[in-house]
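These notes are about the structure you will find just below.
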Amino acid sequence: MSHEAYQLDGQWVAPAQFYAVACDPQRSVVVEACAGAGKTWMLVSRILRAMLDGVPPQQVLAITFTRKAAGEMRERLHRWLAEFAQATPAQRDTELRLRGVPEARLAELSPRLGALHGEWLAGGRGVEIHTIHGWFSRLVKAAPLDLLAELNLPPELQLLEDTEAIWPELWARCLRRIDALSAGRQPEASAPTTQDAALDDAWLAFHAVIRAAGRHNTQAWLLQALHNRLEVFLAEQGGVLADSVPSAAEWDLQWAGLDHPRQALARSSVNEHFWALARAQATAKPGSKAVKAGEAVALALAETDLAQRMDALLQALFTKDGKGDARKQLGDAPELAWAQAWLHDLRQACAQQDAHALHRQMVTLSRLMMDEYAAFKRERGLADMADLELAAARLLSDEALAGWVQQRLDSQVRQVLMDEFQDTSPLQWQALRAWLSAYAGAGGGGSGREPLQVFLVGDPKQSIYRFRRADPRVFEAAKAFVIEGLGGHLLACDHTRRNAPGVLDCLNRVMGQAHAEGAFPGWRTHTTTSQDAARIRVLPSVSKDSADSEADDGADDGQADDTGESNTPWRDTLRTPRLQARTTVKAVEAAQLAQAVAHAVRHEGVPADEVFVLSRTRATLALVAESLDALGVPHVAPDNTPLIDTPEVRDLVAVVEALVSPRQNLALAHALKSPVFGVDDAGLMALAARAAKAPSATPWSDALQAWAASGEAMPEALARAAQLLSAWRGLAAQLPPHDLLTRIVTQGEVRERVLACVPTSQRAQALWHIDALLAHTLEMDAGRDATPYRWIRALRQQSPTLPARAQAGAVQLLTIHGAKGLEAQAVFMLDTDPLPPKRASYALLVDWPDNAPHPARVAFVQAESAPPPSLAAPLEAERLAAQREELNALYVALTRAREQLVFSRSVPSRASSSGAMSWWQRLVASEAIDPQGEAMAGQGTAPGLQTPRAAMAELAELAVLPALRTKPADDTLAADAEADDPHTRLLGQAVHRALEVLTVQPMSARSEALVRQAVVSALRSVGLPPPWQADAEARTRAILFAPDLQPWLDPQRLLWAGNEVALCHEGQTLRLDRLVARQTDAGREWWVIDYKLNAQPDALLSYRQQLRRYIAAVSHLQPGEPVRAAFVSGKGQWLPVDALG
C-alpha cells in the first residue's frame, strides 16, 4: 500500500497514523477523501471511539444529507455494537487497532467495547443521527414562540417538501390579486390608481412582463424564483435584489443622465459625427459599399423616432440586420471607426437598460408572489426547507437562544460529525459556523462549556448537487475554520479499497487529462488496495441510421400530400395504436445496453444485484427497464420513480376513482381491464354497447350494475367486478383511504392476480409497488382530511416517489445522484455522449461569493445566450461551475464500479457549438477507453433466471450485442441487387418496413385495415407515391398470409423473433431481414429469413453467398445450435436453402 496517498496537515503519513487521527474523538478533524476511501467507516468509528471515551450517545450529533445515508449510518453503528458484543477479545483488539487505539489502552478499552451494546440498550438513548433538515426542524420546533411568531412560523408547523405540488394554486392566487388591481384599468395605463404604489407597480409590471415574455414564460420565471426563494429572500434582505442588474447609467457613466441610452441619438454632437460620416462615405467610389452605407446613414438620421433611427444606423453599419459584427469594406474614414465603436457601445447599453427594466419588473412580481406564498403557508400552518434553514441560522447565531434550545432538547452536544460535507449550502454552513464559533479558541469558547470536537468528511470531487444550492467552496471555508478556529487537523486520502486497478487506470487517465487542461483543479492520482482484474468495454455506437428517427414516426399521423389530402387511413386514436416501424435512437441504445446486461448476468456470471445501470435521467432508465422486462431480467425501478407512474398503482387508483366518481367511464374501463378484474376486450365492448343503448347517456358503472341485477347472462369477470365494486362503493363513503385500499387489495385478490399476469422477473417489483402505495397512504398528511377523493388528488399532485430499495437478484437502475455512496461489481453507463444542454431562457442567476452572508446578486435573465453585459462574467463563472460539476458526475459514475465498466453512447445528431466535451469525448481523448471496445462474448446460461413465458425453459437471445450502426451500401436489405429501377428498390423497402411492423403482431390481429395502414405508412416513409400502394399491399399480403410461412412469421409460435437484426461479423456490419428461434424435438433451432421480391432468389449466387455470411455470423454467436436459412419471395414462396453453393 502506497503511503503517498495519505496526508496529515500536508505531510505524507502512514495509513495507521492517518486513521488514528481520523478516529480520535479528542481532535477536531476535516477529512477530504476520495470515493471508496471509507469515509462513513471513519465517521462511525469515531462515534464508537467517543462512546468508548465515555461520551453519552445522546451527546453525539451526526448529520448527513439524506434519510438513506442517515439510515445506513445508524444501521452500521448498531450492527457493529452487536458484533463486538459477541466478538472474542482478540477480535476486539484487532478492531480497536484498526481505529487507532494505542496498544497501551487495548486492555482497558477491549472489555468496554464488548459492553457498549448492552449499555446502549439499557440506556434507552441513541446517537443523534439526522439529516440536516431533520436537525434544523428539531431546533425550530423547540424555539421560543415569540421567535417563531417573528419568523412567521406556526408553532406546530407541517413541512412542505414539494412546492411544485402547490404551484397551480399559488399561481391562481397571484392572478386573482393582479385581477383585483385591474378593475377599471387598461394595460397601457401608467398613472397610479390606488394608494399603494407597490400594488400599482405590480399591475404595471405584470402587463409589461407578459408583453415581453408571454404568459407561459412569465409563469416559468416566477416558478424559478419560487425554487430559489431562499436566495431571493436573502438578496432582498441584503438590499441587492432590485439592483442585481444595474441600469445602463450605473453600468457605464457615459450614459448617465439619460432615461434610456438611445436618447443619446438626440444629442447634436452625436448627429454631427454621423453626418460627417455620411459625407465622408459619399466621396468613395460610386456604387461601392461605402457609398451605400453613407446613404443609409443619411436616411437613418432623417428618422424622427429614436428607436427606428438606432435600428437603421445599426443595419447600415452592422451585419445581420444590425445584430452582427461591424461591416467590412466600408472604407477607412476615421468617422467610420468612431461610429461603429459608438453604436456597439449603444447596442450593449440598450441591452443593459432593457434587462434592467425587465429585471425590476420581475422583482416586483416576485415580491407579490412571495407575499402570496407566505400567506398560503400561514393559512395552512406550513413551513418549507428554506424556512427551516433561515430559522436555524437565526437560532444558532444567537448564543443564548442556541443554548436554550439545546437545553430544551436535552442534548448538550460534545461531538459533531458531518458526512458528505461537500453537499452543504452557504446558508447551512453559516448556521453551523455561527454555532461552532462559540467553541472557537481555547477551552471551548466564551461559554465555558466543555470543548466541542468537530469531524467533517467529504469529497469536493463528488459535489453534484448545485441544483440544491450545494457549493463545494463551502468545504474550503469549513476546512479553514476547523483548522484555524478549532485547532483541528486536515486529512487527505486518495487511496481506495473499492476499484480494481484497471478501473482506476481509466479514472486516472480521464481526470488527469482534465486536470492538465485546467478543468479539474485539485486532482491527485488515485491508488487502490484492490488486486481484482478489471474489464473496460464499449458497446457499439448507436447512430440515427440505426433506428427510425422521430420524424419518421410522424409519418403515421395523417400528414398530407401535395394535394392537401392525407394518404394515411383514418385511425381511431382511442382504440388503435399508432404503428411505429422503428424506434428512437435512445430506445435502440437502451435495448442494446439491456442485451449487454442480460449477457453479463446469464453468460459471464455477474450477479444481477451486482449490476448498476447509470444514466443522467430517469427517462433513459425507463427505456432500459422496458428492454430488461422484455428479456426477463429482474430489475429495480429507477430511483425517484414517481409512485403514480407504476402500473400497479395506476390500476388501484383507477379502481378507487371509479368508486368515488361513478361517471368516470375511462377510470372504470381502466379498472376493469386491469389485473384486479381481468375483463377482456369482448366484455368491455359488450358493457359499452349496453351503456350506449340505455337512455340519457347512462354511465358505465350504472350499466354494469343494471346488467348484474337483470339476471341476464354476463361474462364471469364482469359479474365479479359488479359485485366487488358495489360492496366497495359503500365502504368508500365510510373508510379512510388506507383501510379502503387494504380491503380492495385483500378482497380483490390483487396481489395474487398481479402475480399471475406479470413475468417472474417482475413479480417482486410489482408487489413492492402495491406495498409502497399502502405505506404511503398510511403516512399521507398524517391522516388528516383523509377521503378517497382527496387521496387521489394528493397522489397525483404531490407525485411521491418510490422509496429506495435494494432487491436481491435484481439489476439496479440509478441516476448518477442516486448512485452516490453505492458500489457494484459491474457498472453500465448509458448515454455518455449527449449534446450539451441549451443555454437557459427565463432563468435566475445567483451569484453568492465565498463567506458572504447573502448573494451578491440574484438576477432574472431572459436568455443566457444573450445576457446583458453586466452579467456576462458571472454567467461565464456559472457555466464553468456547471462544467466542473459535469466532471464531478463522471467521477462519481466511474468510481461506483469495482471490476467492470461498460460504456454506451448514441452518436449526437449534431456537433456541439459550446466547446464543452462530453464524457465520451473525454474518455476517448484521454485514451481511457478504446472507442471500438472489447466485444462482449461468452457462452452458457447462468442458472436461476426465468423467462417471461412459463412455457420456455430459457429465453432465446443473441449471445453478443448487435452492432447497431449504419448499414453498408452493398448490403442494403430492402432492395434487390438487380433492380435498376429506383421505384422497384423503394417498393422493396416499403414491403420490408410493412412486414417489420406486421410480423410483431399475432395472426389474430392482422386485419385488412392494419395491413393497409402499415403499407401506407411504409410507402410514405420511403417516399413512394400512392399509385404503388396496390402493388405493395399485394406483395405484403402474399408474404404475411402465406400458410407455409406462418411457423416463421407468427410470433406466438416462436421462442424469439427479431426484425432488422444488426450483427457485426469479421469486421463487417450485417443486417438480417428476420432472425427467429424455433423449438424443435432436437432443441432450439435458428432460422435466417431473407425477403426478396423476385421469383427465384435462390438461383442467384450473390444471394446464396449473402446468406452464407448471415449463417456464419449467427453460428458464431450461437455455437452448438443449428442455424438454417431461407428466402421468402415476393409471391410468398418459402425457399429454404440447405446446401449453399
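Results, tabulated for the structure shown:
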| quantity | calculated |
| --- | --- |
| Within segment 480-490, tally of residues that are buried (at least 20 other Cβ atoms within 10 Å of the Cβ) and under 19 Å from Lys39 (Cβ atoms) | 2 |
| Qualifying residue in segment 637-650 (condition: closer than 21 Å to Ser541 by Cβ and either touching a helix residue (DSSP H, G or I) at 6+ places or on another chain (Cβ under 8 Å) or outside any helix (DSSP H, G or I) (or both)) | no |
| Residue match in segment 448-461 (condition: among the basic types (Lys, Arg), at pLDDT 85 or above and crowded, with 21+ Cβ neighbours inside 10 Å) | yes |
| Test: residue in segment 1078-1094 that is more than 42 Å from the chain's Cα centre (by Cα), exposed (fewer than 15 other Cβ atoms within 10 Å of the Cβ), without any contact (Cβ under 8 Å) to a residue 24 or more places away in the chain and in a helix (DSSP H, G or I) | no |
| Unique match (being among the small types (Gly, Ala, Ser), on the phi < 0 side of the Ramachandran plot, in a helix (DSSP H, G or I) and in contact (Cβ under 8 Å) with a residue 12 or more places away in the chain) among Ala654, Ala689 | Ala654 |
| Scope segment 244-278; condition over 17 Å from Gln340 (Cβ atoms) and of a type in the set (Lys, Arg); matching residues | Arg267 |
| Residue satisfying all of: in segment 1095-1141; surrounded by 13 or more Cβ atoms within 10 Å (Cβ to Cβ) and among the charged types (D, E, K, R); modelled with the lowest pLDDT among these | Asp1098 |
| Count of residues meeting criterion [closer than 28 Å to Arg616 by Cα and surrounded by fewer than 21 Cβ atoms within 10 Å (Cβ to Cβ)] in segment 847-861 | 1 |
| Selection count, segment 491-511, where residues are crowded, with 17+ Cβ neighbours inside 10 Å and either farther than 22 Å from Leu822 by Cα or out of contact with any helix residue (DSSP H, G or I) (no Cβ under 8 Å at 6 or more places or on another chain) (or both) | 9 |
| Residue match in segment 878-894 (condition: surrounded by fewer than 20 Cβ atoms within 10 Å (Cβ to Cβ), assigned to a helix (DSSP H, G or I) and of a type in the set (S, T, N, Q)) | yes |
| Any hit, segment 134-154, residues being without any contact (Cβ under 8 Å) to a residue 60 or more places away in the chain, of a type outside the set (Val, Ile, Thr), closer than 27 Å to Gln58 by Cβ and not assigned by TED's automatic domain parsing to the domain that holds Ala431 | yes |
| Residues that are surrounded by 15 or more Cβ atoms within 10 Å (Cβ to Cβ), touching a residue at least 12 places away in the same chain (Cβ under 8 Å) and more than 24 Å from Arg262 (Cβ to Cβ), drawn from segment 283-331 | Ala284, Lys289, Ala290, Gly331 |
| Residues located in segment 496-527, provided they are in contact with a His (Cβ under 7 Å, 6 or more places away or on another chain) and not in a loop (DSSP other than H, G, I, E, B) | Thr496, Leu504, Leu507, Asn508, Thr527 |
| Selection status of Val232, modelled with pLDDT of 95 or more and in a helix (DSSP H, G or I) | yes |
| Residue match in segment 3-18 (condition: closer than 29 Å to Gly124 by Cβ, surrounded by fewer than 22 Cβ atoms within 10 Å (Cβ to Cβ) and assigned by TED's automatic domain parsing to the domain that holds Leu486) | no |
| Hey, Leu814 crowded, with 22+ Cβ neighbours inside 10 Å, more than 30 Å from Ala764 (Cα to Cα), in contact with a Phe, Trp or Tyr (Cβ under 8 Å, 6 or more places away or on another chain) and of a type outside the set (Asp, Glu) or not | no |
| Residue list for segment 693-713, filter: closer than 19 Å to Ala658 by Cβ and modelled with pLDDT of 85 or more | Pro699, Trp700, Ser701, Asp702, Ala703, Leu704, Gln705, Ala706, Trp707, Ala708, Ala709 |
| Subset of segment 723-740 that is touching a residue at least 40 places away in the same chain (Cβ under 8 Å) and in contact with a helix residue (DSSP H, G or I) (Cβ under 6 Å, 6 or more places away or on another chain) - its residue that is surrounded by the fewest Cβ atoms within 10 Å (Cβ to Cβ) | Arg729 |
| Options Val55, Val44; residue that is crowded, with 21+ Cβ neighbours inside 10 Å and either assigned to a loop (DSSP other than H, G, I, E, B) or of a type outside the set (Asp, Glu) (or both) | Val44 |
| Residue ranges of helices (runs of 4 or more DSSP H) in segment 235-321 with at least 1 members over 29 Å from Gln361 (Cα atoms) | 268-282, 289-301, 306-317 |
| The listed residue being out of contact with any strand residue (DSSP E or B) (no Cβ under 9 Å at 6 or more places or on another chain) and either closer than 18 Å to Lys1131 by Cα or not in a helix (DSSP H, G or I) (or both), out of Ala1009, Ala1057, Ala1030, Ala1018 | Ala1030 |
| Selection count, segment 395-429, where residues are touching a helix residue (DSSP H, G or I) at 6+ places or on another chain (Cβ under 8 Å), part of a helix (DSSP H, G or I) and at pLDDT below 90 | 8 |
| Within segment 776-802, considering residues that are over 15 Å from Ile644 (Cβ atoms) and small (Gly, Ala, Ser), the one modelled with the highest pLDDT | Ala786 |
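Residue-by-condition table, conditions (1) modelled with pLDDT of 95 or more; (2) over 30 Å from Gln1106 (Cβ atoms); (3) outside the structural domain of Trp251 (by TED's automatic domain parsing); (4) within 26 Å of the chain's Cα centre (by Cα):
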residue	(1), (2), (3), (4)
Phe903	yes, yes, yes, yes
Ser918	no, yes, yes, yes
Gly938	no, no, yes, no
Pro948	no, yes, yes, no
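The values are calculated or read from the model by the stated rules, or taken from the named source; none is laboratory data. Every value quoted in this text rests on a predicted model; they were computed, and no experiment measured them. Don't worry about glycine lacking a Cβ; one is built from the backbone with ideal geometry, like all the others, and counts go over all protein chains shown.
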